[in-house]
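Single-structure report; data block below.
The values are calculated or read from the model by the stated rules, or taken from the named source; none is laboratory data. As the structure is a computational prediction, the values presented were derived from the model and not from experiment. A quick note on method: Cβ atoms are made from the backbone with ideal geometry, for glycine too, and the neighbour counts reach across all protein chains shown. With ligands, DNA and RNA removed, areas are computed over all heavy atoms of the protein, side chains included. Shrake-Rupley method; radii C 1.70, N 1.55, O 1.52, S 1.80 Å.
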Amino acid sequence: MKREAVLKNKLAHRCIIVAEVSSNHGQDFNRAIALIKKAKECGADAVKFQTYTADTMTLDSDRRCFRVKHPKWGGQTLYQLYKDSYTPWKWFKKLKRAADDLGMLFFSTAFDRTAVDFLEDLGVSMHKIASFELSDLPLIEYMAMTRKPLVISTGMATPAEIKEVMKVAKRNGVKDIILLKCVSSYPAMPADMNLMTISHMKKMFRCQVGLSDHTLGIGVSIGAVSLGAQMIEK
């Protein structure tokens, strides 16, 4: 059974659990593999990475507006931050193979067209749009042309913006869209999650809806599933 069919089957019968690895490997390949294995041990159905480079994300500039203001990561430029945290592209083939061998779905968030092309060559079963890229309609259009399922985080979006994204995706051949309710705060506070939005989004956009959960602990995710979330990204 193709990976896309596996995804559809799981979505039809239960909630899919996605382990977001992101940059938590600290650019240590063995740690990245260990995180995939740990995700499997914890019962996750899928594992997700992010596909970008410092050059595709920002400019190598030391100007004030390019310097990071954060209690932990401050004192460096955005370019330095992304350079030290991105997942080396040469790892991806082995990372996907590790996930495949464990029977897990493997996909990644693409931040530009070169990343989409790279992931297509890799043979991913679906694509992910991050909240901050939801307004990048040309990228969504390009991604939609693969006609693979799209997982779209909505943390920064208005209903009108989500409607426009849905329109662009469907116009370019996407049949399966999963919107993720999301609060773009790290960590997000449980009191700010407003989980009733999940059922509202289902009615408004008539598609599958899940949760990208940035809170600490698992209580919010459990509550989201009870309210009909079909995917949890944690």
**Study point:** helices (runs of 4 or more DSSP H) wholly inside the stretch 9-112 that include at least 3 residues being of a type in the set (D, E, K, R) and touching a residue at least 24 places away in the same chain (Cβ under 8 Å)
**Key:** 92-101
Check your understanding: Only one of (1) in contact with a helix residue (DSSP H, G or I) (Cβ under 6 Å, 6 or more places away or on another chain); (2) hydroxyl-bearing (Ser, Thr, Tyr); (3) modelled with pLDDT under 95 fails for TYR142. Which number is that?
Key -> (3)
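Are any residues in the stretch 119-151 of a type outside the set (A, V, I, L, M) and open to solvent by less than 50 Å² (accessible area, probe 1.4 Å), and if so, which ones? Walk me through it before giving the result.
Our first condition is that a residue be of a type outside the set (A, V, I, L, M); within the stretch 119-151, this holds for 120-121, 123, 125, 127-128, 131-133, 135-136, 138, 141-142, 146-149.
Residues satisfying the conditions are GLY123, SER125, HIS127, LYS128, SER131, GLU133, THR146, LYS148, PRO149.
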Point to revise | Residues satisfying the stated conditions in the stretch 172-196, i.e. out of contact with any helix residue (DSSP H, G or I) (no Cβ under 8 Å at 6 or more places or on another chain) and exposed (fewer than 14 other Cβ atoms within 10 Å of the Cβ) | key: LYS175, TYR186, PRO187, MET189, ALA191, ASP192, ASN194, MET196
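Every residue in the stretch 96-114 that is of a type in the set (Lys, Arg) and within 13 Å of GLU133 (Cβ to Cβ), please. Step through it out loud before you land on a result.
First pass over the stretch 96-114, keeping only residues of a type in the set (Lys, Arg): 96-97, 113.
Passing the criteria: only ARG113.
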Practice item. Just need a number here: residues in the stretch 53-67 that are open to solvent by less than 100 Å² (accessible area, probe 1.4 Å) and either in contact with a helix residue (DSSP H, G or I) (Cβ under 8 Å, 6 or more places away or on another chain) or under 25 Å from LEU119 (Cα atoms) (or both). Key: 8
